[in-house]
2 protein chains.
Amino acid sequence: MIHEKTAKKMSLHVGDRVSIKDHKGKIISVVDTVSGIIQPSEIAVSGDILEKLSLKDKASVEVELAGHPRSISLIKKKLKGERLSESEIREIIFDIAENALTEVEVAFFISAVYANDMTLEETKHLISAMVDSGNKMKLAGMVVDKHCIGGIAGNRTTPILVSICAAAGLIMPKTSSRAITSAAGTADVIETVAKVEFSISEIKNIVKKTNACLVWGGALGLAPVDDKIIKIERLVNIDSTPQLLASILSKKISVGSHYVLIDIPCGRSAKVSKNQAEKLKQKFLKLGNLFGLKIRVVLTDGTEPIGNGIGPILEIKDVIKILQRNNGPMDLEKKSVMLAGELLELTGKSKKGKGIEDAQKILDSGKAFEKFVQIIKAQEGHLDGFEKPMFSYEVKSKKNARIKHIDNKIINKIARFAGCPEDAAAGIYLYKKKGEIIEKNQVLFTIFAVSEEKLKQAKGLYNKLGKKAVEFSRV
Amino acid sequence: MIHEKTAKKMSLHVGDRVSIKDHKGKIISVVDTVSGIIQPSEIAVSGDILEKLSLKDKASVEVELAGHPRSISLIKKKLKGERLSESEIREIIFDIAENALTEVEVAFFISAVYANDMTLEETKHLISAMVDSGNKMKLAGMVVDKHCIGGIAGNRTTPILVSICAAAGLIMPKTSSRAITSAAGTADVIETVAKVEFSISEIKNIVKKTNACLVWGGALGLAPVDDKIIKIERLVNIDSTPQLLASILSKKISVGSHYVLIDIPCGRSAKVSKNQAEKLKQKFLKLGNLFGLKIRVVLTDGTEPIGNGIGPILEIKDVIKILQRNNGPMDLEKKSVMLAGELLELTGKSKKGKGIEDAQKILDSGKAFEKFVQIIKAQEGHLDGFEKPMFSYEVKSKKNARIKHIDNKIINKIARFAGCPEDAAAGIYLYKKKGEIIEKNQVLFTIFAVSEEKLKQAKGLYNKLGKKAVEFSRV
């Protein structure tokens, strides 16, 4: 925001594009005018800009009219359904990286890709551009990585399998994103027990000490455009295939992984059907090979939530129970061990067919938990004491019945209305899962929130969609 | 912007959707946090919000977490390429009208319609929803209206033909929009000589006095969603067919027109080709009939700029010259008279085949100029004295040649880089047009700007695209 008088003097108008520059860097923003709260010699910027430029109060900046980036016409080209060349994609991605495009313009790019899709060739260029517009990491040893396309409520396998693999000697500098459409991402979950924002050199130290890390990818400048896009996609809960492929593979390449395991949960109420998952798998394999990765893709059952807790703190509690061998949810344990087994086999650490067995041994021996504690400590965290949500609502069964299906999308949505992922203690705790029997008046699940208003909204959504959230069959 | 402490207390996070309410109304916005420039009990809002709620300094407002409107999932549905029902379209449009969606979310809706198009049925619902979410106007007499789909540099026919038709006794409450992709809209042009923002009752008085008006449609609350959409479309210079149809017809219906003339300039460097224009014509006729309008659509030559001036002040000067019978540009005069003639025939004021002749007589008699002065005076304006642009650059011919083609899109783009339409004195003055002969070193056109920086950007664009802007052939 610029003072009206200054705007007039500079012949700037509301909506004009300006650059704000200091010695640290440059950001492009759109002018709004104001009078009263600031002086003509001052500007006011949002916390977002403050952070991006690391500005202090009373700092001096240079403000000037910014040119119209050519990438705007390239975005329009893609909106029209035309293909973009390598250099055109690079221009858009580098402009996003340099903040030369506003959020509304990035939204147009995101929709263009969502509505018109991208060829494999375009997706390849998107990945390269994302990698090249950011930092890269190099580590010694067998660097492995794993990614799940998400969409399944709960399903916090990453901390478990990272602990198993790191205990087995693999190097796993795991960077995760925050939630896009679900109740929590791995970064949101780990943040409840440790710091997740580190510099690249700090991460190298953590990995050197422990073989692994569990950090947020966004703070590292690894394919930073991906995080900017995800932030805007979240507003309308969309996630296009090319963007999904690029998001995952650009991070894996930037982080220097040689071995990559992709988990695609599919089926009813998952992000993708079995058929779509199969197509996605082929794209991952082709793109992975183009970039010289040793890649394996597994299709897993994505019909139901996995684990009991849904929401950052509720999920980390499930993870700790499993690692401590303390009655954690079996479905989450089984899946985590299976994925760890795949990685052990892909890298040759385990013999073919022996991966799962080896992974289970490491978990049962307590070595995985030991490794997890090491990683959390290295990330300046600890495992004692969690914030308690202040408001809760118990959903009880109206009859004796068997649970036939719990819908991921609706459960995620209720958890988001309750405040996930920003409110760490918010979410849902499932007492019963598919196939289990529930009695009349027994608690099916509890919704937690940190504000009454958010609990009200989550309850409101449950009251509207409840019948679709959980289906029952006769006992 | 909310103080960090307050945000924490309310458990609001950056990016959360909140409603800001006062006794005048409600607006939805997205939270950013700040500390320092405001107190915990204060919020800071942009000039935009200030204006929408008519807030004064130190005013009290109520801020609370806003729900997630269902229209977000409907926007996603359209992005996927699915059809929207009448009630779904109404929900999106009413949410936009009530500011329940952010600009980024509206951008997703705009792209969804742009990328996936709408059926005639969907477009009809879009028009109804836009009309019903705004005010309506009712006037006695033969209410006529005219609209040009735009895209042609110069081409300021409206003030001329409105003056002719009003002089002939037709009722023409002309509301115009501001420029979307061109250098100036009629509202931008009239604003250089008169006020263009009036209330509906003020407009009724102006029309009662003079038979007509030349005002900006945006301030009237007639199909207000259209203006919100146009504001966002401008950022990437797009304009989808359904939105174009809805934008035009919703305004005409809201304003109470019975007779509507649509001008579709087509051909090389116009918005649409002859073939596209023909398709658009059919859609206009079908939709017009569905809403009970007497509608006529003319396809005009849109290959070249019309008139000499391009930019708000430069264009009004051309208009005044023609109305004063003082050596105005002939191409602009001829087209304006033809369009006025069509309206005279459509309403039965002229006999079939006699419209153009009658219109020319009214113009030549000075009655049209008299009417124009009446309208401008009724809109609190006058015709003396214009702001002068401070910076200019003359583009000279490098050879003796005949002008073969002047490109509308590039000329518009250069004018926009020079500051149009916000800087009223900025723009381009064409000394030569298609078919004319130019000598070496003779001035082809002049670029005007009010800041050195903007002139530099316009020059930069001309230096890059100049060869495509004007084509020559041998003499």
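The values are calculated or read from the model by the stated rules, or taken from the named source; none is laboratory data. A quick note: this is a predicted structure, and the numbers were derived from the prediction, not measured. Here the Cβ positions follow ideal geometry from the backbone for every residue, glycine too, while neighbour counts run over all protein chains shown. To get the accessible areas, we keep the full protein, side chains included, count just its heavy atoms, and leave off ligands, DNA and RNA. Shrake-Rupley method; radii C 1.70, N 1.55, O 1.52, S 1.80 Å.
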With the crude spin-label approximation of a point 7 Å out along Cα→Cβ, what separation in nm comes out for B:K396 versus A:K468? 7.0
Roughly how tilted is helix A:158-167, in degrees to the nearest 10 and between 0 and 90, from the longest Cα axis of chain A? 80
Region B:179-209: GluC sites (Glu not before Pro) in DSSP loop, at most 15 other beta carbons within 10 Å: B:E197
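Let me have the relative contact order for region B:107-217, percent, based on Cα pairs under 8 Å that are six or more residues apart. Let's see the in-between values first.
Numbers: 105 pairs, mean separation 27.6, N = 111.
It rounds to 25 percent for region B:107-217.
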For region A:267-279, Karplus couplings with θ = phi - 60° (6.51, -1.76, 1.60), whole Hz, Gly/Pro x: x, 3, 6, 7, 5, 10, 7, 4, 5, 5, 4, 5, 5
Whether region B:258-352 is rounded, prolate or oblate, judged on the alpha carbon gyration tensor where a/c under 1.5 counts as rounded: oblate
Give the lysines reachable from A:K56 as a straight Cα distance under 22 Å; neighbours fewer than 8 places away on the same chain don't count. A:K21, A:K24, A:K26, B:K5, B:K8
At the nearest 100 Å², what buried accessible area, both sides summed, do you get for B and A when the probe is 1.4 Å? 4000
As a test of understanding, state the convex hull volume per residue of chain A from its alpha carbons, in Å³. 162
Could you tell me which of the pairs A:K281/A:K335; A:K80/B:K78; B:K195/B:K251; A:K252/A:K468 are separated by over 25 angstrom between their Cα atoms in the structure shown? A:K252/A:K468
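Only helical DSSP H runs with n ≥ 4 go in: add -39500 (n - 2.57) per run for chain B, normalise by residue count and round the 222 nm mean residue ellipticity to 500 deg cm²/dmol. The partial results should precede the final answer.
Numbers: 18 runs with 210 residues, N = 475.
Rounded to the nearest 500, the figure is -13500 deg cm²/dmol.
For region B:328-385, would you read off the P(r) tail past 15 Å as a percentage of all alpha carbon pairs? It would help to have the intermediate numbers written out before the result.
Numbers: 930 of 1653 pairs.
Taking all Cα-Cα pairs of region B:328-385, the fraction more than 15 Å apart is 56 percent.
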Hey, what did region B:391-473 get for relative contact order, percent, Cα under 8 Å, at least 6 apart? 46
Label distances, nm, B:E380 versus same residue in remaining copies, Cβ-directed 7 Å point: 5.9
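If I stretch the segment between A:K354 and A:D57 completely, what's the gain in nm (0.36 nm per residue apart, minus their alpha carbon distance), one decimal? Could you put the intermediate results ahead of the total?
On the way: separation 297, 0.36 × 297 = 106.92 nm, distance 5.91 nm.
So the chain would gain 101.0 nm between A:K354 and A:D57.
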Rounded to whole Å, give me the distance from the Cα center of region B:1-58 to that of region B:408-428. 36
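Within 10 Å of each candidate Cβ there may be at most 16 other Cβ atoms; applying that plus a DSSP loop requirement, which GluC sites (Glu not before Pro) in region A:416-475 survive? Show your work: numbers first, answer last.
Working: sites: A:E422, A:E436, A:E439, A:E452, A:E453, A:E471; in loops: A:E422, A:E436, A:E439.
Loop-located and lightly packed - A:E436, A:E439.
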Mind checking the angle between helix A:224-236 and chain A's longest principal axis? C-alpha axes, 0 to 90 degrees, to the nearest 10. 80
For region A:432-468, state which residues have at least 40 Å² less accessible area in the presence of all protein chains than in their chain by itself, taking the probe as 1.4 Å and leaving out ligands, DNA and RNA. A:K454, A:Q457
Along Cα-to-Cβ, 7 Å out, sits the label point; list in nm, shortest first, how far the one on B:Q276 is from those in the other copies. 3.2
Each residue of region A:203-210 in order: what ³J(HN,Hα) in whole Hz does its phi give by Karplus 6.51 cos²θ - 1.76 cosθ + 1.60, θ = phi - 60°, with x for Gly and Pro? 5, 4, 5, 4, 5, 4, 6, 10
Inter-chain Cβ neighbour average for residues A:229-239, partner chain, 10 Å: 4
Need the list of lysines near A:K334 for cross-linking: C-alpha distance under 16 angstrom, and skip anything on the same chain fewer than eight residues off. A:K321, A:K354, A:K361, A:K433, A:K434
Using only the Cα atoms of region B:144-378, build the gyration tensor, take square roots of its eigenvalues as a ≥ b ≥ c, and label the shape rounded, prolate or oblate: rounded if a/c is under 1.5, else prolate if a/b is larger than b/c, else oblate. rounded
For region B:2-65, what does the relative contact order come out to in percent, with C-alpha contacts under 8 Å and a separation of six or more? 43
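Per the 1.4 Å probe, what fraction of the accessible area of the protein assembly as shown, in percent, lies on carbon and sulfur atoms? Let's see the in-between values first.
Numbers: 19100 of 39390 Å².
Reported share for carbon and sulfur atoms: 48 percent.
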For the protein assembly as shown, what is the accessible area per residue in Å² when the probe is 1.4 Å? 41
List of region A:90-130 residues, accessible area with partners at least 10 Å² below that of the chain alone (1.4 Å probe): A:E103, A:V104, A:E105, A:A107, A:F108, A:S111, A:Y114, A:A115, A:N116
Measuring label to label, 7 Å along Cα→Cβ, what does B:E439 give against each other copy in nm, shortest first? 10.7
Exactly which chymotrypsin sites (Phe, Trp or Tyr not before Pro) in region A:320-417 are in a DSSP loop and have at most 14 other Cβ atoms within 10 Å? none
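Would you tell me the mean number of C-beta atoms belonging to other protein chains that fall within 10 Å of each C-beta in B:67-76, as a whole number?
Details: counts 6, 6, 0, 1, 0, 4, 3, 0, 5, 4.
For peptide B:67-76, the averaged partner shielding equals 3.
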Under a point spin-label approximation (7 Å from Cα along Cα-to-Cβ), what is the A:L383-A:E42 distance to one decimal in nm? 4.9
Rounded, prolate or oblate, given the Cα gyration tensor of the protein assembly as shown, with a/c below 1.5 counting as rounded? prolate
Helix B:103-116 sits at what angle to the longest principal axis of chain B, using alpha carbons and giving 0 to 90 degrees rounded to 10? 60
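Mind ordering A:212-219, A:318-325 by average Cβ neighbours within 10 Å, highest first? If you can, show how the numbers build up before the last one.
Details: A:212-219: 24.2, A:318-325: 21.1.
The packing order, highest mean first, is A:212-219, A:318-325.
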